Amino acid sequence: MNVAPTVTRRGFVQATLAAGGALVLHPVHAQGASTTPGAVRPTAQLGTMIVIHPDNRVEIGCRAPEIGQGVKTALPMMVAEELDLRWADVTVKQLPLAVDFGASPPAWRFGPQGAGGSTSVSDAWDDHRQFGADARALLVAAAAQVWDSGDAAPLRTAQSWVLHPDGRRLSYGELARRAAALPPLDKAAPLKDARDFRLIGTPQRVTDARDIVTGRARYGLDTPLAGIEAAAVAVLLRCPYVDGGIVSLDDSAARQVPGVYDVRVIAGPEPGAPLGANLASAVAVVARDTWSALRGRAALKVRWSTGPHAGESSAGFDEQCRRLLAEPGQVVLDQGDFAAARAGAARLVQASYQVPFAAHAPMEPPNAFVQLWPDRALVIAPLQQPGGVPRLVMNLTGITRDKVEVRMTRAGGGFGRRLTNDAVAEAVLVAKASGRPVKLMWTRDDDLQHDFYRPAGWHAMSAALDADRRVVGWHHKLASASNTTAGPTRRPKTCGVPSSTPTIFRPIAWPTCASSGVP
Amino acid sequence: MAQTPTPKTIRFKVNGEAQRWQGDGEQPLLWVLRESLGLTGSKYGCGVGQCGACTVHVDGRAVRSCLRPMATLQGAAVTTIEGLGSGEQLHPVQQAWIDEDVAQCGYCQAGQIMAAVDLLRRKPRPSQADIHSIGNLCRCGTQVRIRKAIVLAASRIAGAAK
């Protein structure tokens, strides 16, 4: 399910009136794989993106998870700009995951909802502004109706008001009822010229600032368990060996710790199989509260098998890299004549770099809350790829994807750690095994010792400089752990130069580039 | 880790309210705050006193609550981030934090603020070295704005004291 909605020139806004007189606006995305106009069909929206209250307060929904990158401020700003809202009257709500699994292929209701690759702002740039512009056009049409002119052309908008040239004005809130009754627009409203931006391009404070400084902001680990029957906290003792497992387990002392409810064994991934769920076999301690769970875990006696990779070591990895660097390698990019550039160079600069495995270490360790019923599930967690959660839950429980509710909390940092939903997988497995709603928590030790680490490797680089110290040739040879090791069925032996390579390196004799994947 | 055989009742105050607690005396204050009292503003970042996300005030001094056993809190007065302001009135450090737009993910910020308040009580006119002595970790990179907010708060507190 990865089809981003195609916002056609026929964008729609669906407007309804809520109890209390609030105007509720949804974007309607026309979606489909076909490029033939008219072959796309609009999907109905069931969630909210904008709520305009009669008193002119406005709530805007943010579809992307907020992980500290500021999308919960930036994305609503785009809507507010085109809608000409008074920003001080805007509050922002985090939208949950919303996917129409009835569509084929499944389709985002609000648009893409991941937070990765620094794409949230650029992904939203067109459709968020269009949504705001279309909503504005609807309100202007409503005002034109009130003023009996029917002619929207001379009307202006500012700070959540529609303004008549003769000085009359109507607030968006006052227009809610009438706007909700209008037929949908039949064409997309024009967007502002960038010169007319009043909000975009100005520094604005993060929308949750007050909640953060008062301790009210809620992260995944803050998900309350009070009032949830049988809810428990879980921590895992994970096998310290990749693809190792449990040889023996003595949980008698752990079960004696006050507050410990249960101890369960969680299977790890199949060695060699794509990593689709949790990343290690483990023993789960399920308890009344975090301290009991940690004490229970400390009382476990486990013997582990060291698995098929027991012979690996840092020294062995370095030796592998050194050997690979001595080989010709796989040429990824070869432009120009580096040998000639090197031969004619005034100066040659050479350096070798060793990059270690790096843990992401977000300030908030991985965690997830999962509650399972026979036919539905609830997941509350800090996530970067919420779109992957319904299938994950379905694979582990059989609950169909449309019955998996996913709520993204604020995340205490992401940095790519939360692009995998392995903590959710663990929480699902523990909830299933224990029969309880579970808040599963990683300690910092857990987080540093188990991760999808940024790959380690060796890089041998050399540059040829001319007499003016300009780079005229560049050679980069690397031997690195592959970031596809989590999915060994993917091709492990390719590497590429990103298209964003700085243009200062062109057009000169380009390097040979070698890469060898190291399992 | 043996539990104390007869847990005595710990009487202490949190944000001005009297509390009574019984349990494992080795349990760190952080978990009692977060789970027994529902005060989730103080955060778990490491559990070994290295990051400061759990910083609270005990009897007026900054303490890393993940390492403070409940057994040591008989008669103590604890202040958490939730108790820093009064009602809707923010502490000058909190207000400076908003005015300088310090937070990114925000997870470490409560601990940073508590550490900053403690610093300003001890050193109302802190030098850059004093500010640097706050050892709280931030993974997002708010350090520069933290320093600006502390300087701003210090000047406002000094101004109000006149």
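Can you say whether B:Ala2 is at pLDDT below 95 and either in a loop (DSSP other than H, G, I, E, B) or surrounded by fewer than 22 Cβ atoms within 10 Å (Cβ to Cβ) (or both), as far as the supplied structure shows?
Spelling it out, B:Ala2 is indeed at pLDDT below 95 and either in a loop (DSSP other than H, G, I, E, B) or surrounded by fewer than 22 Cβ atoms within 10 Å (Cβ to Cβ) (or both).
Got a sec? Which of B:Gln104, B:Gln109 is within 13 Å of the chain's Cα centre (by Cα) and within 11 Å of another protein chain (Cβ to nearest Cβ)?
B:Gln109
Being farther than 12 Å from A:Ile60 by Cβ, of a type in the set (D, E, K, R) and outside any strand (DSSP E or B) is the filter here; which residues of the stretch A:84-120 pass it?
A:Asp84, A:Arg86, A:Arg109
For the stretch B:60-75, what are the residues that are at negative phi and over 12 Å from the mean Cα position of the chain (by Cα)?
Correct list: B:Leu67, B:Arg68, B:Pro69, B:Met70, B:Ala71, B:Thr72, B:Leu73, B:Gln74.
Spot the failing condition for A:Val162; the list is (1) without any contact (Cβ under 8 Å) to a residue 60 or more places away in the chain; (2) touching a strand residue (DSSP E or B) at 6+ places or on another chain (Cβ under 7 Å); (3) in a helix (DSSP H, G or I), and only one is missed.
Result: A:Val162 fails condition (3) only.
Inside the stretch A:189-218, can you point out the residues that are among the basic types (Lys, Arg), at the interface with chain B (Cβ under 7 Å from one of its Cβ atoms) and outside any loop (DSSP other than H, G, I, E, B)?
A:Arg210
Can you pull out every residue in the stretch A:350-379 that is within 14 Å of another protein chain (Cβ to nearest Cβ) and of a type in the set (Phe, Trp, Tyr)?
A:Phe369
Go through the stretch B:121-147 and count every residue that is over 21 Å from A:Arg444 (Cβ atoms) and within 14 Å of another protein chain (Cβ to nearest Cβ).
2
So which pairs qualify, if the first residue must be in the stretch A:298-311 and within 14 Å of another protein chain (Cβ to nearest Cβ), the second must be hydrophobic (A, V, I, L, M, F, W, C), the Cβ gap must be under 6 Å, and the two must be at least 6 apart or on different chains?
What qualifies is A:Ala299/A:Ala253; A:Ala299/A:Ala254; A:Ala299/A:Val257; A:Leu300/A:Leu237; A:Leu300/A:Ala254; A:Leu300/A:Val283.
Among the residues of the stretch B:77-114, how many are outside any loop (DSSP other than H, G, I, E, B), closer than 15 Å to A:Ile212 by Cβ and of a type in the set (A, V, I, L, M)?
7
Any chance you could count how many residues in the stretch B:75-90 are more than 20 Å from B:Leu37 (Cβ to Cβ) and at the interface with chain A (Cβ under 10 Å from one of its Cβ atoms)?
So the count comes out to 2.
Hey, A:Tyr261 hits all of (1) of a type outside the set (A, V, I, L, M); (2) touching a helix residue (DSSP H, G or I) at 6+ places or on another chain (Cβ under 8 Å); (3) free of Cβ contacts under 8 Å to residues at least 12 places away in the same chain but one; which does it fall short on?
The one condition A:Tyr261 does not meet is (3).
Taking strands (runs of 3 or more DSSP E) that fall entirely within the stretch A:292-379, which contain at least 1 residues that are surrounded by 17 or more Cβ atoms within 10 Å (Cβ to Cβ)?
A:301-305, A:367-372
Go through the stretch A:277-297 and count every residue that is hydroxyl-bearing (Ser, Thr, Tyr) and either at the interface with chain B (Cβ under 9 Å from one of its Cβ atoms) or touching a His at 6+ places or on another chain (Cβ under 7 Å) (or both).
The number of residues fulfilling the criteria is 2.
When the stretch A:433-471 is examined, which residues are found to be hydrophobic (A, V, I, L, M, F, W, C), touching a Gly at 6+ places or on another chain (Cβ under 9 Å) and part of a loop (DSSP other than H, G, I, E, B)?
A:Phe452 - this is the single residue of the stretch A:433-471 that is hydrophobic (A, V, I, L, M, F, W, C), touching a Gly at 6+ places or on another chain (Cβ under 9 Å) and part of a loop (DSSP other than H, G, I, E, B).
Can you work out which of the residues in the stretch A:82-107 that are within 15 Å of A:Met49 (Cα to Cα) and in contact with a Leu (Cβ under 9 Å, 6 or more places away or on another chain) is surrounded by the fewest Cβ atoms within 10 Å (Cβ to Cβ)?
A:Ala98
For the stretch B:30-41, what are the residues that are of a type in the set (S, T, N, Q) and more than 7 Å from chain A (Cβ to nearest Cβ)?
Of everything in the stretch B:30-41, just one residue is of a type in the set (S, T, N, Q) and more than 7 Å from chain A (Cβ to nearest Cβ), namely B:Ser36.
Could you tell me whether the stretch B:126-136 includes any residue that is under 24 Å from A:Gly70 (Cβ atoms) and in a helix (DSSP H, G or I)?
So far as the stretch B:126-136 goes, no, none of its residues is under 24 Å from A:Gly70 (Cβ atoms) and in a helix (DSSP H, G or I).
Select, from A:Ala143, A:Ala179, A:Ala189, the only residue that is surrounded by 14 or more Cβ atoms within 10 Å (Cβ to Cβ), of a type in the set (A, V, I, L, M, F, W, C) and under 33 Å from the mean Cα position of the chain (by Cα).
A:Ala189
Taking A:Met461 and the conditions (1) touching a His at 6+ places or on another chain (Cβ under 7 Å); (2) among the aliphatic types (A, V, I, L, M); (3) within 14 Å of another protein chain (Cβ to nearest Cβ), which numbered condition does it fall short on, given that it satisfies the others?
(3)
If you take the residues in the stretch B:50-68 that are within 11 Å of chain A (Cβ to nearest Cβ), out of contact with any Ser or Thr (no Cβ under 8 Å at 6 or more places or on another chain) and farther than 19 Å from A:Val233 by Cβ, which one is surrounded by the most Cβ atoms within 10 Å (Cβ to Cβ)?
Going through the qualifying residues, I end up with B:Cys51.
Could you please find all residues in the stretch A:380-432 being among the charged types (D, E, K, R), part of a strand (DSSP E or B) and within 14 Å of another protein chain (Cβ to nearest Cβ)?
A:Arg410 - this is the single residue of the stretch A:380-432 that is among the charged types (D, E, K, R), part of a strand (DSSP E or B) and within 14 Å of another protein chain (Cβ to nearest Cβ).
Search the stretch A:228-272 for residues being within 17 Å of A:Val430 (Cβ to Cβ) and at pLDDT below 95, and hand back the single one that is surrounded by the most Cβ atoms within 10 Å (Cβ to Cβ).
A:Gly268
The values are calculated or read from the model by the stated rules, or taken from the named source; none is laboratory data. The model shown is predicted, which means the values in this text are computed figures rather than measured ones. Because the Cβ atoms are built from the backbone with ideal geometry, glycine has one as well, and the counts that use them run over all protein chains shown.
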